[in-house]
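Here's the structure we're looking at; comments come further down.
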Amino acid sequence: MAELAPTIARAKEALRQRIDQVVPHILGAVETEALSTMEILSLLAKSVRGDDDRAKFWLLMTCIAGAMPTREQLVRGYRFLELAPEGMEHLEVLRACAGASSLNENFDRSVTIVSDAVVADVDFCARHGHNTGVQRVVRETLSRWNAVHDVTLVAWTEDGFLMRSLIPAERDRVLNWVSSRRTESSPTSAEDDAELIVPWNCSVVLPEVAQLHIWEPLACLAEFSSNTVSMVGYDAIPVTSAEYVISSESDRFVRYLSIVKHADLVVGISESSSEEFAGFADALTAQGLRGPRVSTVSLPIALAREETALEDISTRSQHVPLVLCVGTQEPRKNQLAVLAASELLWKRGLDFEMLFIGGAAMPLSIPFDVEVDRLRRLGRSVSVIRNGSDAILERAYRDARFSIFVSLHEGFGLPIGESLAAGTPVIASDYGSMAEIASAGGCLVVDPRSDESIAEAMYILLTDDLELERLENAALARPTRTWDDYSAELWSTIREGELTR
């Protein structure tokens with residue numbers, strides 16, 4: 001028992017600190033220094049019950065348990081409070097918090113309530129160096145926001161119970177990412193040096209797709225707390241094109257939608273992605289919910305930022321045209337169709353190199369790897385670069401005669417925009433967000449489900465110099481839209497949206 005005494009003492013001290021943090025937000029300017037912890041709890045519980053305020057109860061539960069509640073915990077807990085005998089309210093609140101606090105390894109830690117601030121949840125980007133579509137958007141945007149606005153960046157504790165501040169290495173990984181950070185990750189012990197954070201009356205921004213272990217507390221925060229919740233909406237692919245993803249991805253996304261349904265605003269990255277989220281929001285009326293407002297701020301047509309010299313990508317002959325295909329190798333990206341179209345042209349005697357740059361979405365990339373291996377054994381010129389730097393990618397865009405991005409479903413299609421920003425024409429899919437981008441020039445659009453259609457467009461751009469030049473000029477003549485433009489417009493859309501809450 002003596003061994004537990006220091007732990008118990010720390011837990012009691014931390015609980016008192018957390019409760020003291022709550023007092024001004026629920027009781028106002030009340031002097032409580034002379035009161036015991038139980039006496040303060042009694043005052044807080046009676047006040048919340050008298051106000052019939054679920055948001056204040058969310059704050060009270062969070063700080064007593066040292067963990068954000070789930071919807072089930074909050075609803076059950078408030079019922080305990082409502083039915084409590086006079087004078088016993090605080091005991092029922094403690095009973096409501098018992099479940100969450102018993103699992104909370106951070107119960108003996110203090111918290112900081114952050115009020116009237118912009119709080120951006122960048123958990124994945126802070127922890128990992130991975131930097132494809134979503135992560136690229138987050139890092140490009142938050143680095144710019146941080147330079148001109150006061151933004152509180154947060155991740156989550158390992159158990160998913162509470163938000164926390166970033167340690168210096170994580171903050172640097174979000175705001176100053178370069179390709180050399182690709183394999184970095186934060187150890188679990190990193191959170192021991194972080195400050196635990198509870199947002200109150202804040203603008204909580206979710207620029208990432210929330211991980212599975214934090215969807216329940218985030219959904220409860222969105223539904224019950226005093227915070228506004230704004231989200232960047234990328235796509236609904238795991239539901240609407242579930243056949244192209246692993247089943248666990250669909251399950252994760254369905255649970256992620258429980259946050260979306262109670263959010264205040266979803267900002268789609270294209271008109272197509274906004275239509276998907278608007279359709280979900282409209283369906284919520286069947287549950288008596290208004291759902292989030294949906295707006296659109298389209299991603300820019302821009303290359304990635306990286307202040308390094310352009311690198312050589314291969315020892316290929318400069319006389320052989322290079323065709324570039326960028327994207328994670330998985331069925332939805334449709335690289336097998338690109339390989340099939342290329343094979344049709346190689347059999348017709350055309351000479352060109354096919355270069356794929358992107359990560360491997362194992363095990364979904366196995367059929368692609370098998371086909372590449374078969375073509376190489378036939379002597380076909382196929383190259384694959386995985387985990388290459390942004391400098392390599394930019395060099396490839398500039399060296400390519402054209403690029404090809406014929407995905408079957410995209411929220412936007414960043415490789416199309418990156419290629420066009422380099423002045424390199426693109427063969428793109430003829431529907432959805434990809435057709436949106438293509439409509440402003442510099443692209444040929446094709447039916448991505450037709451190998452022959454893809455092959456015909458490739459043939460044109462490999463053999464018709466005048467058509468290639470026309471598309472190059474059209475790409476360079478497109479209206480300029482940069483990451484600066486996107487980040488500024490997204491900030492304005494979110495902040496203006498809070499005024500119409």
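By how many nm would the segment from Asn473 to Leu212 lengthen if fully extended, with 0.36 nm per residue of separation less the alpha-carbon distance?
In short, 89.5 nm is gained.
Once amide H atoms are built 1.01 Å from N in the peptide plane, which residues 5 or more positions from Gln329, or in another chain, come under 5 Å H to H?
Answer set, sorted by chain and number: Gly359, Ala360, Ala361.
Picking from Thr228, Met458, Val297, whose Cα lies most toward the positive end of the charge dipole for the chain (charges on Cβ: Lys, Arg +1; Asp, Glu -1)?
Met458
Name the residue from Ser250, Met38, Val75 whose Cα lies farthest towards the positive end of the charge dipole of the chain, charges +1 on Cβ of Lys and Arg and -1 on Cβ of Asp and Glu.
Going by the Cα projections, it comes out as Ser250.
Nearest 500 deg cm²/dmol is fine: what mean residue ellipticity at 222 nm does the chain get from its DSSP H runs of n ≥ 4 alone, each adding -39,500 (n - 2.57), divided by its residue count?
Value at 222 nm, helices only, nearest 500: -14500 deg cm²/dmol.
If one takes the longest principal axis of the Cα atoms in the chain, at what angle in degrees, from 0 to 90 and to the nearest 10, does the Cα axis of helix 89-102 lie?
Between the helix axis and the principal axis of the chain, the angle is about 40 degrees.
Give a residue-ordered list of calculated ³J(HN,Hα) values for segment 234-243 (Karplus: 6.51 cos²θ - 1.76 cosθ + 1.60, θ = phi - 60°; whole Hz; x for Gly, Pro).
These are the phi-based 3J(HN,Hα) values: 8, 5, 10, 3, x, 9, 7, 10, 4, 5 Hz.
In sequence order, what are the phi-derived ³J(HN,Hα) couplings for segment 161-176 according to the Karplus relation 6.51 cos²θ - 1.76 cosθ + 1.60 with θ = phi - 60°, rounded to whole Hz, with x for glycine and proline?
Couplings: 8, 8, 6, 8, 6, 8, 7, x, 5, 5, 4, 5, 5, 7, 8, 9 Hz.
Could you compute the net charge surrounding Arg252? Neighbours are other residues with a C-beta less than 13 Å from the C-beta of Arg252; K and R count +1, D and E count -1.
Here the count lands on -3.
By count of other Cβ within 10 Å, fewest leading, how are Glu31, Glu371 ordered?
Fewest-to-most ranking of Glu31, Glu371: Glu31, Glu371.
Show me 331-339, 46-54 ranked by packing, highest mean number of other Cβ atoms within 10 Å first.
331-339, 46-54
Write down the percent of antiparallel bridges among all DSSP beta bridges whose residues are both part of the chain, to the nearest 5.
Antiparallel bridges make up about 10 percent of those DSSP assigns within the chain.
How do Cys325, Cys125 line up, fewest other C-beta atoms within 10 Å first?
Listed from fewest to most nearby Cβ atoms, that is Cys325, Cys125.
Distance in nm between label sites at Asp52 and Glu195, each 7 Å beyond Cα in the beta-carbon direction?
3.7 nm
With 10 angstrom as the radius, rank Val122, Val30 by how many other C-beta atoms surround their C-beta, starting from the fewest.
Val30, Val122
Net charge near Leu339: determine it from the other residues with C-beta under 10 Å of the C-beta of Leu339, scoring Lys and Arg +1 and Asp and Glu -1.
-1
Enumerate the amide H contacts of Met231 below 5 Å, restricted to partners 5 or more residues apart or on another chain; note that Pro and chain-start residues carry no placed amide H.
For Met231, the qualifying residues are Leu206, Leu265, Val266, Val267.
Spelling out what I want: for every residue of segment 376-383, take phi, set θ = phi - 60°, compute 6.51 cos²θ - 1.76 cosθ + 1.60 (Karplus), and round to whole Hz; glycine and proline get x.
5, 5, 7, x, 6, 8, 10, 10
What angle, in degrees between 0 and 90 and rounded to the nearest 10, separates the Cα long axis of helix 465-476 from the longest principal axis of the Cα atoms of the chain?
Roughly 30 degrees between the two axes.
Within 14 Å, Cβ to Cβ, of Ile460, how many net charges do the neighbouring residues add up to if Lys/Arg are +1 and Asp/Glu are -1?
Spelling it out: positives minus negatives among the neighbours equals -4.
Of the labelled options (1) 51, 22, 20; (2) 33, 27, 23; (3) 42, 29, 24, which one gives semi-axes √(5λ) of the Cα gyration tensor in Å as computed for this structure?
(1)
First check a/c for segment 2-109, with a ≥ b ≥ c the square roots of the eigenvalues of its C-alpha gyration tensor; if it is under 1.5, answer rounded, and if not, answer prolate when a/b is larger than b/c or oblate otherwise.
oblate
A short reminder: the numbers here are calculations on the coordinates, not readings from a lab. Values in this document were obtained by computation on a predicted structure and should not be read as measured data. Cβ sites come from the backbone with ideal geometry, for glycine too, and all protein chains shown count toward neighbours.
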